[in-house]
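Peer 1: Pasting a structure here, questions to come.
Just so you know, all these numbers are worked out from the coordinates, no wet-lab data involved. Quick caveat: nothing in here was measured; it's all calculated off a predicted structure. Cβ placement follows ideal geometry from the backbone for every residue including glycine, while neighbour counts extend to all protein chains displayed.
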There are 2 protein chains.
Amino acid sequence: MDAVTHHRNRSDRGRSALGPALQLVHTGRAPTRAVLTAELGVTRATAGAVAAELQALGLITVDSRPTGSSDGSQGRPSHRLGVEPDGPVVLAAQVHADGFRAALVGLGGTVVATAPGCGDVGADPGQVLREVVDAGAELLRRTGRRCVGAGLAVPSAVAEPEGTALNPLHVAWPPGAPVREVFSACLADAGVTGPAPGSVAVGYAANDVNLGALAEHRHGAGRGARHLLCVATGHRGVGGALVLGGRLHTGSSGLALEVGHLTVDPQGRPCHCGSRGCLDVETDPLAFLEAAGRDAGPEVSLLDQARDLLRTCYPGDFAVRAAAHRLIDRLGQGLASLVNILNPDRVILGGLHRELLRADEERLRAVVADRSLWGRSGEVPVLACTLDHNSLVGAAEMAWQPVLDDPLLLAEV
Amino acid sequence: MDAVTHHRNRSDRGRSALGPALQLVHTGRAPTRAVLTAELGVTRATAGAVAAELQALGLITVDSRPTGSSDGSQGRPSHRLGVEPDGPVVLAAQVHADGFRAALVGLGGTVVATAPGCGDVGADPGQVLREVVDAGAELLRRTGRRCVGAGLAVPSAVAEPEGTALNPLHVAWPPGAPVREVFSACLADAGVTGPAPGSVAVGYAANDVNLGALAEHRHGAGRGARHLLCVATGHRGVGGALVLGGRLHTGSSGLALEVGHLTVDPQGRPCHCGSRGCLDVETDPLAFLEAAGRDAGPEVSLLDQARDLLRTCYPGDFAVRAAAHRLIDRLGQGLASLVNILNPDRVILGGLHRELLRADEERLRAVVADRSLWGRSGEVPVLACTLDHNSLVGAAEMAWQPVLDDPLLLAEV
DNA sequence: TGGCTTTGTGCTCACGATAAACAAATGAAA
DNA sequence: TTTCATTTGTTTATCGTGAGCACAAAGCCA
């Protein structure tokens, strides 16, 4: 009853290099055991032991006989490392304006199976989350894979540590809905398992743009960035996210990067927040449609309408071109403000913002460079996101995180 | 020639708990050995060994017989830990609009000796830095203390890793001046020593507001904050800083928190950046003086003029009150934007902004709360900075950092 | 075939931290 | 005062992790 009180403060479990090693393989930064050795900064013996243990846990593959190995260099070829394709998976879920999506995602961001569900999302979070969790559980049953966690992406800021959706604008949920709690309850009801054998999964929930940023950082356009800023607009409003040192920066209560009310046009349109010219009302799909003089129809999502309009009519149609330029300028102003505040080494755009970037990269980059201190002293890389369902993959990343931090969780009694 | 290549990647030197322990004592979070044991999460034996080693290095004091110890609790009283008052010091330097300041600072943020120097700062960084370093070296000679590093605070963003002053607005330096290089050269010329015995100090240089934030976080109003945002205005323009997890967030190239061009008033005054209503031109001392209808005289600094005016005429004089309210509202808008982006758990204001906070706390807090998402769902603590020379102390913190990370540097051959 | 180069593996060893028993220093109760 | 409970410091034995080193293995290249 004496020393026992001490050694529980920090995670005493686990070889210390096990987690970092798994992350390196997971993100593809350790294709061979030799690279793993160098990246970890340990001896070959240690790296070998670590790789063997991860292999024994069923998380990675170690290919000792790389058939047709001819990477040019001489010397003994190194064992190739990879993610175990038949290893455990996590349940990734996403709720968006047009329904939900459930998927099983393995290490390396591999989407193993997907189950989309369409239709309106009602006012009761419990109902949708039950549907999406059940869909995920069905996937688990069908594939017979071991599940080691679950993550949920929602179109709202999620307050920490409460786990409540503060501003679920695109869905009819009540503000403050306890999404994480409800998600966890659904997981327990469906019998979804967590990292430790026989345990029940705890539900992780976070904002979809944040999770998209996390996914892009690990498997997409953000790989290798130390300070990654993501900005995206899906349906209404604008979301932002920041990844610092491989981790999401969610602020002290989960509400960081709520960038929608940055002023980007002093003479702009009035916003419900009381100000005018906010990023939210100046650069979202509705703003684009209205600036182009088009009416927003209810049949397809605003993002799809705006994207189609931009793709089909962009350089030619005068109104569309003017609208695009208007949004690009406003977006550039907002990005410049964010760059001045956060000084990221990379910026990634999603949703309609990605389309705007593709429409005129030069113009957007010029605005950002012109309006930011760093832009004037160097170049700020502004890129399009590359993953198809980055929010979903990000939800999976969040669910994988405990295992990535301590792979031995999988072997615990 | 094989394994030798490995074990230099990470700092293999040193008991791993030595640095964290010193930081705990340094920041006052470990007043006794028992608390140190708990904070480190190690056994009493380990904590004892660590404390003894730090004492042997001459960094801390371990008082085994606390005279008049009556902290109420029963049980054997714990040894009191403290910073060694006669231990090593660092050379802290600051350049500002009205001259420079040099000081010797010990652990715990204790200013041991100070040497101010007044007058205009010329266009040659080398000249001022030589003067300030010489003044610091003179202090070292007079006191006979061991010097283990040197840090410099400048009124400009400092680009990393170049160490150049990008926008030295308050001094006549050319933009891009290589301050760190020049500072290091002056230190070498003056024979200022570094952490390792016999070594020459390398110069660290950073923005003054950033360093002030670091100092407030460790020894001032920011103690215990996990995500600390500081905003301050000294002479012209506004500076910001963010401390995350005990470390300054300087962004990928040192230019984070350049908050001066946030739009805080769409109908505001034009700014040289091309926009209008920027935080820089709306909330700095000159803005206040002009809003109050006063002419800025050249005799004393703008900050002093504005502060005096606010302190003497605030609630009574109508023009002054209106001007203060105008600035408070603009500042609140800017803080709200930053709170939405960074979601800090504490905000600290310096310079004239501190005076504005003191003039009407309620008004400022109300604006921040009303305009920020987090403010509406909770309360954002907005506080005044408490340290007298926080930039100077912050420069010392920066210089101490290598030792705080690895105290054994002091004992190296 | 025999260098050369690079990587994997099997040992020993050093060292940091734990665990556990014991000693010391206080307050509270008898 | 004596005794006990409580809390902390100290000592010793022990263990686990990773380093260091020697050697084997597996490819290039001549």
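Peer 1: Please report, in cubic angstrom per residue, the volume enclosed by the convex hull of the alpha-carbon atoms of the protein assembly as shown.
Peer 2: So the per-residue hull volume is 199 Å³.
Peer 1: Still on this structure, please answer the following. Using a label point 7 angstrom from Cα along Cα-to-C-beta, what distances in nm, from shortest up, separate A:R141 from the other copies?
Peer 2: 8.6
Peer 1: For chain A, with a Gaussian network of springs between Cα atoms less than 10 Å apart, report the residue from A:A47, A:A97, A:A319 with the top mean-square fluctuation.
Peer 2: A:A319
Peer 1: Want the number for A:R80 to A:E379: 0.36 nm per residue separation, take away the alpha-carbon distance, what's left?
Peer 2: Contour length minus Cα-Cα distance gives 104.0 nm.
Peer 1: Also, quick follow-up: Taking 0.36 nm per residue of separation and subtracting the Cα-Cα distance, what length does fully extending A:D360 through A:A49 add?
Peer 2: Value of the extension gain: 106.9 nm.
Peer 1: By how many nm would the segment from A:A196 to A:A123 lengthen if fully extended, with 0.36 nm per residue of separation less the alpha-carbon distance?
Peer 2: Between A:A196 and A:A123, full extension yields 22.9 nm more.
Peer 1: Give me the dipole magnitude in Debye, nearest 20, for chain A about the Cα centre, with unit charges on the beta carbon: positive for Lys and Arg, negative for Asp and Glu.
Peer 2: Charge dipole of chain A: 1160 debye, to the nearest 20.
Peer 1: Distances from A:R311 to the same position in the other copies: list them in nm, one decimal, shortest first, using label points 7 Å from Cα along Cα→Cβ.
Peer 2: Values, ascending and in nm: 6.5.
Peer 1: Using 7 Å Cα-to-Cβ label points, what is the A:S16/A:T114 separation (nm, one decimal)?
Peer 2: 4.2
Peer 1: What is the local net charge at A:E162, summed over the other residues whose Cβ is closer than 12 Å to its Cβ (Lys, Arg +1; Asp, Glu -1)?
Peer 2: -1
Peer 1: Considering the dipole of the protein assembly as shown built from charges on the beta carbon (Lys and Arg +1, Asp and Glu -1) around the Cα centre, which of A:T61, A:A45, A:N167 is farthest to its positive end?
Peer 2: Value: A:A45.
Peer 1: Could you give the size of the charge dipole of segment B:14-83 about its Cα centre, using +1 on the Cβ of each K and R and -1 on the Cβ of each D and E, expressed in debye and rounded to the nearest 20?
Peer 2: It comes to approximately 100 debye.
Peer 1: Continuing with this model, one more query. Given N residues in segment B:225-384, what is Rg(Cα) / (2.2 N^0.38 Å)?
Peer 2: Cα-based Rg divided by the globular estimate yields 1.00.
Peer 1: Taking springs between alpha-carbon atoms closer than 10 angstrom, which of A:P77, A:P402, A:P85 fluctuates most in the Gaussian network model of chain A?
Peer 2: Among A:P77, A:P402, A:P85, the largest mean-square fluctuation in the Gaussian network model of chain A belongs to A:P77.
Peer 1: Okay, next question. Taking the beta-carbon count within 10 Å as an exposure proxy, list B:E162, B:E412, A:E282 from fewest neighbours to most.
Peer 2: Ascending number of Cβ neighbours within 10 Å: B:E412, B:E162, A:E282.
Peer 1: Once you charge only the Cβ atoms, +1 for Lys and Arg and -1 for Asp and Glu, what is the size of the charge dipole of segment A:223-384 about its Cα centre, to the nearest 20 debye?
Peer 2: So the magnitude is around 440 debye.
Peer 1: Still on this model: How large is the direction-averaged shadow of the alpha-carbon convex hull of chain B, in nm²?
Peer 2: If you wrap the Cα atoms of chain B in a convex hull and average its projections, you get 24.2 nm².
Peer 1: Shifting gears a bit: Counting Lys +1, Arg +1, Asp -1, Glu -1, what net charge surrounds A:E299 among other residues with beta carbon under 15 Å of its beta carbon?
Peer 2: Result for the local shell: -3.
Peer 1: Which whole-Hz couplings ³J(HN,Hα) result when phi for each residue of segment A:324-334 is put into the Karplus expression 6.51 cos²θ - 1.76 cosθ + 1.60, θ = phi - 60°, listed in order with x for Gly and Pro?
Peer 2: For segment A:324-334, the Karplus-derived couplings read 4, 5, 4, 5, 4, 5, 5, 4, x, 4, x Hz, x marking Gly and Pro.
Peer 1: Let me ask something else about it. Under 5 Å between amide hydrogens, which residues at least 5 positions from A:R276 or on another chain qualify, with H placed 1.01 Å from N in the peptide plane?
Peer 2: Distant-sequence amide H within range of A:R276: A:C271.
Peer 1: Report the one residue of B:G245, B:A256, B:A291 whose Cα lies farthest in the direction of the positive end of the charge dipole of segment B:241-318 (charges on C-beta: Lys and Arg +1, Asp and Glu -1; origin at the Cα centre).
Peer 2: B:G245
Peer 1: For chain B, calculate the relative contact order in percent as a whole number, restricting contacts to Cα pairs under 8 Å that are 6 or more residues apart.
Peer 2: The value is 17 percent.
Peer 1: What distance in nm lies between label points placed 7 Å from Cα along the C-beta direction at A:R247 and B:R65?
Peer 2: Once both label points are built, they end up 4.5 nm from each other.
Peer 1: Springs between alpha-carbon atoms under 10 Å, Gaussian network over chain A: tell me which of A:N210, A:N390, A:N343 tops the mean-square fluctuations.
Peer 2: Judging by the Gaussian network model, the answer is A:N343.
Peer 1: For B:S64, place a label point 7 Å out from Cα along the Cα→Cβ vector, do the same in each other copy, and report the separations in nm, one decimal, smallest first.
Peer 2: Nearest to farthest, the other copies are at 5.6 nm.
Peer 1: Also, I was wondering about something else. For B:V112, list long-range residues whose amide hydrogen, built 1.01 Å from N in the peptide plane, is under 5 Å from its own amide hydrogen.
Peer 2: Those qualifying (amide H under 5 Å, at least 5 residues apart or on another chain) are B:L104, B:V105, B:G106.
Peer 1: Also, I was wondering about something else. So for the pair A:V300, B:E412, with labels modelled 7 Å out along Cα→Cβ, what separation do we get in nm?
Peer 2: About 6.2 nm separates the two model spin labels.
Peer 1: May I pose another question? Within 13 Å, Cβ to Cβ, of A:E131, how many net charges do the neighbouring residues add up to if Lys/Arg are +1 and Asp/Glu are -1?
Peer 2: That sum, taken over residues with Cβ under 13 Å, equals -3.
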